[in-house]
Amino acid sequence: AQSVTQLDSQVPVFEEAPVELRCNYSSSVSVYLFWYVQYPNQGLQLLLKYLSGSTLVKGINGFEAEFNKSQTSFHLRKPSVHISDTAEYFCAVSETGGGNKLTFGTGTQLKVEL
Amino acid sequence: KAGVTQTPRYLIKTRGQQVTLSCSPISGHRSVSWYQQTPGQGLQFLFEYFSETQRNKGNFPGRFSGRQFSNSRSEMNVSTLELGDSALYLCASSLRAGGLTADTQYFGPGTRLTVL
């Protein structure tokens, strides 16, 4: 069975600074990887996804992530954060042949400070 | 195009009661999945429906059930509610059923269920 680890439960960062949110996964088969963002009292919004092809994936709101198969990682990065990026970020994995079932990490709370 | 809608948005029930939550997927989407989100367990997959058939099921007791209608709308039901069922229940829709390739899922705002 697959699993997802987000080591950082909270990441504080100053506005306009770069940020990296870490995600590692474990699976015995090929996977598809996703990052979602959740604002307070809202559902999940897809930031970006990796299905195949280029390992560097660009998403919405200036976020990008890099798939590293040897490290089994899919870290999320943004070169300059804005106060509006304050939210909880979830990394998720779906296995080949596993349907649309997503397995989520425990989430990282990003807090952007002035 | 309208997004995924879930009703009701908030619900308060007492232990032992049952509850039905509704989800309307994005127009044209035929797959609906349900997730439970709690502070302790995080986001957990409940089940996935496609063309009125359950395609996948998570590790939840039989008190949790669902169904999908011919118009792709889905409902989930929880019987004999327990305090631990208090959670945000999220519905997600996608165009296709996941197979060898996962399809992108779009989430609704959720239904906040409180069990007293």
Of the GluC sites (Glu not before Pro) in the stretch A:9-39, which ones lie in a loop per DSSP and count no more than 15 other C-beta atoms within 10 Å?
A:GLU15, A:GLU16
SASA check, A:HIS75, accessible area w/ 1.4 Å probe, all protein chains in place, rounded to nearest 10 Å², comes out at 40
Using Cα centres only, tell me the gap between the stretch A:58-96 and the stretch B:76-97 in whole Å.
26
Calculated Rg and Dmax of the stretch A:4-65 using C-alpha coordinates, Å:
13.1, 39
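Determine the percent antiparallel among the DSSP beta bridges restricted to the stretch B:8-116, to the nearest 5. Intermediate values should be presented prior to the final figure.
Details: 34 of 38 bridges.
Looking only at bridges with both residues in the stretch B:8-116, the antiparallel portion is about 90 percent.
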If you add up the charges near A:ALA65, with Lys and Arg at +1 and Asp and Glu at -1, over every other residue whose beta carbon is less than 11 angstrom from its beta carbon, what do you get?
+2
Could you sort A:TYR32, B:TYR35, A:TYR39, B:TYR106 by accessible area so the largest value comes first, with the probe set to 1.4 Å?
B:TYR106, A:TYR39, A:TYR32, B:TYR35
Can you tell which of A:PHE34, A:PHE90, A:PHE14 shows the greatest fluctuation in a Gaussian network model of chain A with Cα springs below 10 Å?
A:PHE14
Rounded to the nearest percent, how much of the accessible area of chain A (1.4 Å probe, protein heavy atoms only) is carbon and sulfur?
49
What is the sum of charges, Lys and Arg at +1 and Asp and Glu at -1, for the other residues whose Cβ falls under 13 Å from the Cβ of A:GLY53?
+2
For the protein assembly as shown: lysine pairs with Cα atoms under 22 Å, gap of 8 or more or different chains, count?
12
At least 10 Å² of accessible area lost relative to the chain alone, listed for the stretch A:14-52 with a 1.4 Å probe
A:TYR32, A:PHE34, A:TYR36, A:GLN38, A:ASN41, A:GLN42, A:GLY43, A:LEU44, A:LEU46, A:LYS49, A:LEU51
Accessible area expressed per residue, the stretch A:1-95, with surrounding protein chains retained (probe 1.4 Å, Å²)
49
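Cβ under 11 Å from A:GLN2's Cβ, A:GLN2 left aside: what net charge do those residues give with Lys, Arg +1 and Asp, Glu -1?
Working: positive: A:LYS101; negative: A:GLU95.
With Lys, Arg at +1 and Asp, Glu at -1, the net is 0.
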Portion, in percent, of the accessible area of the stretch B:5-116 that falls on carbon or sulfur, probe 1.4 Å:
49
What translational D, rounded to a whole number of µm²/s, comes out for chain A from Stokes-Einstein when the hydrodynamic radius is the Kirkwood one over Cα pairs, at 25 °C and 0.890 mPa s?
173
Scattering curve values for the protein assembly as shown, log₁₀ I(q)/I(0), Debye with Cα scatterers, q = 0.17 Å⁻¹
-1.25
Would you please give the residues with an amide H less than 5 Å from that of B:ARG55, counting only those at least 5 places away or on a separate chain, with H modeled from the backbone geometry?
B:GLU48, B:TYR49, B:PHE50
Hull shadow area, averaged, the stretch B:17-116 [alpha-carbon convex hull, nm²]
6.2
Solvent accessible area, Å² - B:ARG96, 1.4 Å probe, full protein context
110
Two-decimal Rg to Rh for the stretch B:22-64 - Kirkwood Rh, Cα set
1.01
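The values are calculated or read from the model by the stated rules, or taken from the named source; none is laboratory data. All of these numbers come straight from a predicted model, not from anything done at the bench. No Cβ is skipped: glycine too gets one built from the backbone with ideal geometry, and neighbour counts run over all protein chains shown. Surface areas here come from the heavy atoms of the whole protein model, side chains and all, with no ligands, DNA or RNA. Shrake-Rupley method; radii C 1.70, N 1.55, O 1.52, S 1.80 Å.
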